[in-house]
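A quick write-up on the structure given underneath.
What follows draws every value from the coordinates through simple rules; no lab data is involved. Model, not experiment: these values are computed from the prediction. Note that we place each Cβ from the backbone using ideal geometry, even for glycine, and neighbour counts take in every protein chain shown.
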């Protein structure tokens with residue numbers, strides 16, 4: 001066997017033996033407790049009704065800086081900036097592209113980057129691709145640890161603090177008011193990924209920062225559209241200075257084909273819906289509260305504390321987590337196991353996503369199956 005093939009086979013065999021080999025599969029029809037479609041916009045016809053005719057060209061023909069820019073994209077960015085109470089916005093093809101593009105280009109070898117240890121892989125990759133040599137993680141949501149690391153940062157050069165408003169595996173929220181205070185006190189700039197808060201928090205889904213009136217305390221926010229907004233793409237929002245800089249230096253923006261027109265129109269439809277009188281995320285939060293009251297009644301400390309649409313039950317081994325997920329799936333409940341290395345060893349879990357289209361009866365069924373499976 002060729003040495004490269006031998007290496008690849010060896011690494012895959014390690015995954016098989018650990019019981020966490022990833023495979024692509026088509027999910028069978030079942031009650032959805034696993035997707036990020038929190039408001040149901042990816043599966044209902046609401047966005048298509050707003051868009052109307054979707055018979056647009058399948059491609060944008062080039063990058064935004066060459067042939068891929070359009071009036072529609074520019075107007076959409078103005079809409080996004082206004083909606084999220086920012087000076088300006090810039091579209092990216094995905095949240096992953098937005099994070100690696102942003103973090104890669106705004107730092108240099110003198111920059112200090114402090115990031116929460118549970119930040120998403122796209123944030124970690126963006127930091128690793130940057131030129132920054134002073135990159136340190138702080139304990140999850142630990143203000144004392146963050147403050148101690150901020151106190152040691154070289155004040156002569158830029159310092160970045162990077163967090164998520166809602167964390168994708170635990171579902172908990174960052175103590176944003178305190179983090180904003182610490183960043184401001186230490187002359188650091190704060191970057192917040194709002195991927196799992198967009199559409200879910202705020203009267204019209206503006207995000208957790210806007211709901212707390214903290215948008216002016218943050219250097220940059222990343223809003224993604226592939227979750228509650230039911231489409232694809234992302235935007236970085238911030239000052240006009242930041243957006244002008246990203247247009248010139250963010251490689252994941254400059255060197256990629258722009259989003260096609262049907263994607264632009266669909267994102268526009270999602271923002272039209274968020275701003276309409278018909279929008280409400282109240283039903284989603286009522287279900288979250290119902291779910292949390294169930295958990296509090298059980299008194300099971302393995303459940304992560306969360307007021308978001310993401311609820312996590314830590315089971316702690318690949319074998320038990322897979323077995324529990326299989327029992328749920330056999331009951332017609334689509335919940336997938338989250339295994340190492342996606343989460344640390346010993347933190348294997350079920351990640352349960354709640355949606356506005358779920359019912360209390362479905363939650364009752366879910367909890368009943370869980371009670372008989374763990």
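A few remarks follow.
- In plain terms, the residue of 110, 297, 262, 196 with the fewest other Cβ atoms within 10 Å comes first and the most crowded comes last, giving 297, 110, 262, 196.
- Listing 46, 8 from fewest to most neighbouring C-beta atoms within 10 Å gives 8, 46.
- Subtracting the Cα-Cα distance of residue 108 and residue 368 from 0.36 nm times their residue separation leaves 88.3 nm of extension gain.
- FRET efficiency, residue 327 to residue 26 (Cβ-Cβ, R0 25 Å, nearest 0.05): 0.75
- Extension gain for residue 305 to residue 12 (0.36 nm times residue separation, less C-alpha to C-alpha distance): 102.1 nm.
- Restricting the calculation to Cα atoms, the stretch 260-337 shows an Rg/Rh of 1.13 when the hydrodynamic-style radius is the Kirkwood one.
- Normalised contact order of the stretch 235-320, rounded percent, pairs of Cα under 8 Å and 6 or more residues apart: 14
- Size of the stretch 306-374 as Cα extents on the principal axes (Å, biggest first): 33, 25, 16
- Over the chain, dividing the summed -39,500 (n - 2.57) contributions of all DSSP H runs of at least 4 residues by the number of residues returns a 222 nm mean residue ellipticity of -12000 deg cm²/dmol.
- Gap separating the Cα centres of the stretch 156-205 and the stretch 245-314, nearest whole Å: 15
- For the chain, the antiparallel share of DSSP beta bridges with both residues in that region comes to about 50%.
- Centre-to-centre, using Cα atoms only, the stretch 69-143 and the stretch 10-29 are separated by 30 Å.
- Rg over Rh, two decimals, the stretch 58-274 (C-alpha only, Kirkwood Rh): 0.96
- Taking every DSSP bridge with both residues inside the stretch 58-274, close to 40 percent are antiparallel.
- Difference of contour (0.36 nm per residue) and Cα-Cα distance, residue 241 to residue 151: 29.7 nm
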